[in-house]
Amino acid sequence: MTVTRSNTNLYVQVINDAEGKTLASISTLEKEFVDLKPNTEGAAKLGEAFGKRLQEKSITTVVFDRNGYLYHGVVKALADGTRKAGIIF
């Protein structure tokens, strides 16, 4: 699970490194999440939605790559939301 963030958006994706394929992705640019702000509250909601999306694809375990960002605030809220949906890191 790779996290990328900007001042206006959050992007999360799960990639199979062996095949180089993106298995699932989500961002605040999608129609249903466009109203979410890139703060801790929005990140938690996005994380929960991403966790549900991963479970639909039968993905239960991922490796968390915070992409150089400190593990606090928005990144931590995103991870906690994903864990809340049942995904194991």
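The values are calculated or read from the model by the stated rules, or taken from the named source; none is laboratory data. Note that the structure is predicted; figures quoted are calculated from it, not measured. All Cβ positions, glycine included, derive from the backbone under ideal geometry; neighbour counts span all protein chains shown. The accessibility values were calculated without ligands, DNA or RNA, using every heavy atom of the protein model including side chains. Shrake-Rupley method; radii C 1.70, N 1.55, O 1.52, S 1.80 Å.
Could we say that residue 45 is in contact (Cβ under 8 Å) with a residue 24 or more places away in the chain and open to solvent by 30 Å² or more (accessible area, probe 1.4 Å) here?
Values: in contact (Cβ under 8 Å) with a residue 24 or more places away in the chain: yes; open to solvent by 30 Å² or more (accessible area, probe 1.4 Å): yes.
When the stated conditions are applied, residue 45 passes them.
Give me the pairs: first residue in the stretch 64-76 and within 12 Å of residue 44 (Cα to Cα), second residue of a type in the set (Lys, Arg), beta-carbon distance under 7 Å, and six or more apart or on different chains, which are they?
Cβ pairs passing all conditions: 74/5; 75/66.
Which residue pairs have Cβ atoms closer than 7 Å, lie 6 or more positions apart in sequence or on different chains, and pair a first residue in the stretch 11-38 that is touching a residue at least 60 places away in the same chain (Cβ under 8 Å) with a second residue that is part of a loop (DSSP other than H, G, I, E, B) and of a type outside the set (Gly, Ala, Ser)?
From the stretch 11-38, the pairs are 12/1.
Quick one: is residue 82 in contact (Cβ under 8 Å) with a residue 60 or more places away in the chain, open to solvent by less than 80 Å² (accessible area, probe 1.4 Å) and assigned to a helix (DSSP H, G or I)?
On the way: in contact (Cβ under 8 Å) with a residue 60 or more places away in the chain: yes; open to solvent by less than 80 Å² (accessible area, probe 1.4 Å): yes; assigned to a helix (DSSP H, G or I): yes.
When the stated conditions are applied, residue 82 passes them.
Select from the stretch 48-60 the residues that are touching a residue at least 40 places away in the same chain (Cβ under 8 Å) and either exposed (fewer than 13 other Cβ atoms within 10 Å of the Cβ) or part of a loop (DSSP other than H, G, I, E, B) (or both) and list them in ascending order.
59
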